[in-house]
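See structure below.
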Amino acid sequence: MKGVLVLILLILVVFAVGCTQKEVDVMELKVSSVFKEGDVIPVKYTCEGADVSPPLKLEGLSKDAVSIAIIVDDPDAPIGTFVHWVAWNIPPMEEIPEGIPKLRELSSPIEVVQGRNDFGRIGYNGPCPPRGHGIHHYHFKVYVLDTKLDLSSGATKSELEKAMEGHVIQKGELIGLYERK
């Protein structure tokens with residue numbers, strides 16, 4: 001009886017360590033750009049500038065990566081979290097270039113499928129908080145997946161999140177700031 005309890009305890013410990021290891025693996029992707037963590041996003045990447053997507057550099061990309069997905073949102077918006085970009089089925093790469101065209105599906109400059117943001121548009125639309133509303137935090141979230149997603153272009157953030165369930169093997173995030181005065 002004592003041997004069975006020890007065996008069950010050992011199995012539970014191995015299982016718990018395995019689950020913890022997977023959680024650690026999911027968080028090890030480093031995301032960087034032309035602005036540093038917690039810095040102001042350059043005007044070029046906002047509604048007051050060219051409103052193009054910034055380049056995103058990825059370090060520590062898993063060899064098991066099949067595709068990449070991106071969600072950019074602003075939890076400081078007066079109406080609740082506001083989505084600025086949803087994109088998926090990007091091939092594994094160390095740098096997502098600046099200025100991804102605002103089209104549903106692209107094969108150049110990179111392969112990508114894009115969804116609808118909360119402006120009601122396809123592709124990236126940058127920071128554009130209400131004037132005088134203070135500093136907003138923009139979360140550039142990058143997900144590394146073990147599959148390509150069977151999700152139609154124009155999908156929303158919630159549809160993308162649902163499609164990614166069980167497929168995220170890494171996640172990284174970069175937070176930039178912006179304020180319109």
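The values are calculated or read from the model by the stated rules, or taken from the named source; none is laboratory data. The structure displayed is predicted, hence computed values, not measured ones. Here the Cβ is made from the backbone with ideal geometry for all residues, glycine too, and neighbour counts use every protein chain on show. Note: accessible area is taken over every heavy atom of the protein model, side chains too, but ligands, DNA and RNA are not part of it. Shrake-Rupley method; radii C 1.70, N 1.55, O 1.52, S 1.80 Å.
Within region 137-167, if we keep just the residues that are in contact with a helix residue (DSSP H, G or I) (Cβ under 8 Å, 6 or more places away or on another chain) and crowded, with 16+ Cβ neighbours inside 10 Å, the residue that is farthest from I90 (Cα to Cα) turns out to be A155. Out of G134, G115, G123, G99, one residue alone is open to solvent by less than 60 Å² (accessible area, probe 1.4 Å), of a type outside the set (S, T, N, Q) and touching a helix residue (DSSP H, G or I) at 6+ places or on another chain (Cβ under 9 Å). It is G115. Do we find a residue being in contact with a Pro (Cβ under 7 Å, 6 or more places away or on another chain) and outside any strand (DSSP E or B) anywhere in region 156-179? Yes, region 156-179 contains a residue that is in contact with a Pro (Cβ under 7 Å, 6 or more places away or on another chain) and outside any strand (DSSP E or B).
Scanning region 55-65 for residues that are surrounded by 15 or more Cβ atoms within 10 Å (Cβ to Cβ) and of a type in the set (G, A, S), we see that the one that is nearest to T147 (Cα to Cα) is A65.
If the condition is being over 25 Å from P129 (Cα atoms), surrounded by 17 or more Cβ atoms within 10 Å (Cβ to Cβ) and touching a Pro at 6+ places or on another chain (Cβ under 8 Å), then region 66-96 contributes S67, I68. Is it the case that region 63-70 has a residue that's farther than 13 Å from D118 by Cβ, out of contact with any helix residue (DSSP H, G or I) (no Cβ under 7 Å at 6 or more places or on another chain) and of a type in the set (G, A, S)? Within region 63-70 (the criterion being farther than 13 Å from D118 by Cβ, out of contact with any helix residue (DSSP H, G or I) (no Cβ under 7 Å at 6 or more places or on another chain) and of a type in the set (G, A, S)), the answer is yes, since at least one residue qualifies.
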